[in-house]
Amino acid sequence: MKKALITGVTGQDGAYLAEFLLAKGYEVHGIKRRASLFNTARIDHIYEDPHNPSPHFILHYGDLTDSSSLIHIVQKVQPDEIYNLGAQSHVQVSFEQPEYTADADALGPLRLLEAIRILGLEKKTRFYQASTSELYGLVRETPQRETTPFYPRSPYAVAKLYAYWICVNYREAYGIYACNGILFNHESPLRGETFVTRKITRGLARIKAGLQQQLFMGNLSAKRDWGHARDYVEMQWLMLQQDKPQDYVIATGEQHSVREFIDRCAKLLDLELRWQGSGVDEKAVDKHGKTVVAVDPRYFRPTEVETLLGDPGKAERELGWKPRTSFDEMVREMIDADYKAAQRDALALAHGFDAYNVRES
Ligand code: NDP
Ligand code: GDR
């Protein structure tokens with residue numbers, strides 16, 4: 001039985017990947033951080049009682065900023081594959097916490113690669129690094145492919161640039177099977193609530209359910225290539241199953257703006273929205289003229305990535321990978337999940353239950 005170790009197992013991709021690898025018959029180990037509240041909601045359905053005599057899914061406490069915990073875990077697990085998905089993954093937050101972001105996102109992968117080396121696992125353990133389309137930042141070529149030059153535009157992207165190159169360097173210097181997946185934005189009902197797609201699906205669903213009045217957004221004109229996380233984790237695994245380690249762009253090849261994403265969601269929820277004004281005064285009003293979506297400059301970034309569009313040609317040609325879920329299917333799945341949750345919260349509120357988690361945000 002193959003053993004995989006996933007950092008960031010409590011995150012969106014970690015949850016989909018753990019499920020995927022368990023279905024493939026792997027013994028899956030995940031690293032989670034200590035938190036003051038349970039932070040395993042995304043993986044509770046695959047959680048196994050640690051008293052189980054031969055568990056297939058095992059969690060370990062650790063942190064990407066703590067070499068000793070990483071070395072201990074890698075030594076104990078002796079994984080065939082490490083998927084480094086853990087990161088401070090929010091671009092805007094990286095401007096508030098640049099040093100921590102560099103520690104976790106740049107030095108974290110270095111620490112894992114060093115753990116492989118220190119433990120003499122160079123020939124055994126394969127390594128996947130969660131690289132990102134944010135590396136392209138101020139884009140030099142459209143669509144972006146593996147050979148497009150990088151121009152990072154945030155402390156997050158600069159940290160991920162180090163991670164990208166340290167992964168390439170350890171591959172060349174020590175012969176470690178290490179790959180970068182340059183993934184474009186991917187979303188799902190498990191997406192963190194502060195990323196733009198989930199903020200929109202959750203916010204509009206709550207507005208529809210009467211739990212919230214308005215949604216405040218940043219740059220409505222930003223364009224992204226949005227795919228489904230479930231499709232993308234398959235590619236993370238495929239990249240580690242080849243004869244030769246290589247880096248791949250994972251994307252859909254289709255682009256939409258934030259404004260367009262809002263329109264799709266509003267349509268699915270039968271919210272009849274009309275756009276008015278421009279710049280910071282732009283807003284979407286309902287049929288009664290009430291403002292439903294407004295712009296709040298606090299969500300603007302000091303340096304913005306205006307447009308990203310990926311070319312997944314290499315992944316398709318060499319690994320036979322293609323995204324399965326269309327943009328419309330993904331938006332619908334997210335809206336369905338968030339509207340269901342909003343209806344449940346509205347019902348709880350109507351019956352006088354505590355408003356914890358039900359408050360307007
Ligand atoms: P999430 O933000 O959903 O998950 C991040 C995970 O990393 C969480 O499990 C989080 O733990 C964990 N984590 C954060 N800091 C640390 C730390 N110091 N030590 C250990 N674990 C830590 O991200 P996604 O699942 O969306 O993304 C997965 C990876 O892919 C990330 O590296 C991200 O940067 C990258 N990426 C994501 C893309 C996307 O569109 N989703 C696109 C391209 C790259 P906790 O639950 O405790 O917060
Ligand atoms: P991104 O994702 O920065 O691309 O990073 P995010 O969803 O945060 O933003 C996408 C675009 O939408 C604009 N935007 C807003 N963003 C947020 N979060 N909130 C808003 O209110 C808002 N209004 C407009 C942003 O300015 C931006 O242009 C994600 C993360 O998952 C990274 O970890 C990953 O590497 C990249 O995708 C690929």
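Where a number appears in this text, it was derived from the coordinates with a stated rule and is not lab data. Values in this document were obtained by computation on a predicted structure and should not be read as measured data. Positions of Cβ are backbone-derived with ideal geometry, glycine not excepted, and every protein chain shown enters the neighbour counts.
Tabulated data for the structure shown
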{"item": "Relative pair counts by distance (%), Cα atoms of segment 52-172, 10 Å bins", "result": "13, 40, 31, 14, 2, 0"}
{"item": "Projected label distance in nm at Y162 and Q97, using a 7 Å step from Cα toward the beta-carbon", "result": "1.6 nm"}
{"item": "Histogram of C-alpha separations across segment 123-197, 10 Å bin width, %", "result": "18, 42, 31, 9, 0"}
{"item": "Contour excess over end-to-end distance, with Cα ends at R324 and L37 and 0.36 nm allotted per residue", "result": "99.8 nm"}
{"item": "Where only alpha carbons of the chain are counted, the Rg and the Dmax (Å)", "result": "20.9, 67"}
{"item": "Relative exposure of V292, V28, V280, judged by other C-beta atoms within 10 Å (fewest first)", "result": "V280, V292, V28"}
{"item": "Mean projected area (nm²) of the alpha-carbon convex hull when segment 1-88 is viewed from all directions", "result": "5.7 nm²"}
{"item": "Largest-first ellipsoid semi-axes for segment 281-361, taking √(5λ) over the Cα gyration tensor eigenvalues, angstrom", "result": "35, 23, 14"}
{"item": "Listed residues F300, G14, T148: farthest to the positive end of the dipole of the chain (Cβ charges)", "result": "G14"}
{"item": "Degrees between helix 229-239 axis and first principal axis of the chain (Cα, 0 to 90, nearest 10)", "result": "20 degrees"}
{"item": "Extension gain from H90 to R301, taking 0.36 nm per residue of separation minus the Cα-Cα distance", "result": "74.8 nm"}
{"item": "Ranked S326, S67, criterion: other C-beta atoms within 10 Å, fewest first", "result": "S326, S67"}
{"item": "Neighbour-count ranking [beta-carbon atoms within 10 angstrom, fewest first] of D286, D296", "result": "D296, D286"}
{"item": "Inter-site label distance for D281 and S257 at 7 Å from Cα along Cβ, in nm", "result": "1.8 nm"}
{"item": "Of K3/K32; K223/K322; K199/K314; K124/K322; K223/K267, those spanning more than 25 Å from alpha-carbon to alpha-carbon", "result": "K199/K314; K124/K322"}
{"item": "Beta bridge orientation in the chain: antiparallel %, DSSP, nearest 5", "result": "20 percent"}
{"item": "Whole-angstrom Cα spans of segment 233-342 along principal axes, big to small", "result": "60, 35, 21"}
{"item": "Net length gained if the chain between K76 and Q343 were fully extended (0.36 nm per residue, minus Cα distance)", "result": "91.6 nm"}
{"item": "Cα-based helix-to-principal-axis angle, 327-350 vs the chain, degrees rounded to 10", "result": "70 degrees"}
{"item": "Alpha carbon centroid spacing (whole Å) that separates segment 230-260 from segment 1-65", "result": "22 Å"}
{"item": "CD proxy at 222 nm, helix term only [per DSSP H run n ≥ 4: -39500 (n - 2.57); per residue of the chain; nearest 500]", "result": "-11000 deg cm²/dmol"}
{"item": "Dipole moment magnitude, nearest 20 debye, segment 279-361 about Cα centre, only Lys, Arg, Asp, Glu C-beta charged", "result": "120 debye"}
{"item": "C-alpha long axis of helix 155-174 to longest principal axis of the chain, angle in °", "result": "20 degrees"}
{"item": "Separation in nanometres of the label points that stand 7 Å from Cα toward Cβ, at L119 and L22", "result": "2.2 nm"}
